[in-house]
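A short write-up of the structure that comes next.
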Amino acid sequence: MGWNFVSNNNNCQDDHGHGTVNAGIAGARGNNSAGVSGVCHYCKIMTVKVLNSSNWGYYSWWASGLQYAADNGARVINMSMGGTDTSQTLETAINYAWSKGCIITVSMGNSNDSTKNYPAGYDSVIAVGATDNRDQRCNPNIPGCNWGSCYGSWIDVVAPGYWIYSTAWNNTYQYWSGTSMAAPFVAGLAGLILAYNPTLT
């Protein structure tokens, strides 16, 4: 099950990158002597494509993807994406998915400031910042790092986001960094908690 809102068809394999890495962090199969293990390595992944090959997408695509996932039984939705503009359409879709019982994890952004990004800035999501391998906020003072995790009172939680090794296309693996890598760690943990007790709200 899945849908490509970029091309408006069921082909979610026309290009690969950002989403493939995120899916691996959250739910790559473990204990199989291959590659990496995701946080929740027996969780089911629903493919909903809302970004193009340049990791860009309209808020309307994101909103449609949220509604699709919520209507098709998703319990956890990861959104490793964001923009600085607000959108009533996007916020309505966020609240709709939340009302259907979805947990929505969202990356906070990588501009190394307190600028509020959306959908991370909305109340019905878990806004996730990124930490480095010393458990400190990712910032440009880290060797080899030219970005920094956003920060501010709107943050909910942080997770690892620096040089994360995960799945790539065609049985390969890559290192990626950013709050986009941190958010699926939280999504995977939410999946584990729900696997233990599916009746939790």
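The values are calculated or read from the model by the stated rules, or taken from the named source; none is laboratory data. Everything quoted here is computed from the prediction, not taken from an experiment. Here the Cβ is made from the backbone with ideal geometry for all residues, glycine too, and neighbour counts use every protein chain on show.
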(request) Scan Ala190, Ala168, Ala183 and give me the residue that is under 17 Å from Asn22 (Cβ atoms), surrounded by fewer than 18 Cβ atoms within 10 Å (Cβ to Cβ), in contact with a strand residue (DSSP E or B) (Cβ under 6 Å, 6 or more places away or on another chain) and in contact (Cβ under 8 Å) with a residue 24 or more places away in the chain. (result) Ala168
(request) Taking the options Gly109, Gly73, Gly101, name whichever one is in a loop (DSSP other than H, G, I, E, B) and farther than 18 Å from Ala190 by Cβ. (result) Gly109
(message) Quick test of your reading of the structure: Ile142 fulfils all but one of (1) among the hydrophobic types (A, V, I, L, M, F, W, C); (2) assigned to a loop (DSSP other than H, G, I, E, B); (3) touching a strand residue (DSSP E or B) at 6+ places or on another chain (Cβ under 8 Å); (4) more than 22 Å from Met46 (Cβ to Cβ). Name the failing condition by number.
(response) (3)
(message) Let me confirm something: among Ser124, Ser114, which residue is over 24 Å from Val50 (Cα atoms), among the small types (Gly, Ala, Ser), out of contact with any strand residue (DSSP E or B) (no Cβ under 6 Å at 6 or more places or on another chain) and modelled with pLDDT of 95 or more?
(response) Ser114
(request) Kindly indicate which of His41, His18 is on the phi < 0 side of the Ramachandran plot and in contact (Cβ under 8 Å) with a residue 40 or more places away in the chain. (result) His18
(request) Report whether or not Asp113 is among the acidic types (Asp, Glu) and closer than 22 Å to Leu194 by Cβ. (result) no
(request) Give the number of residues within the stretch 38-55 that are small (Gly, Ala, Ser) and surrounded by 15 or more Cβ atoms within 10 Å (Cβ to Cβ). (result) 1
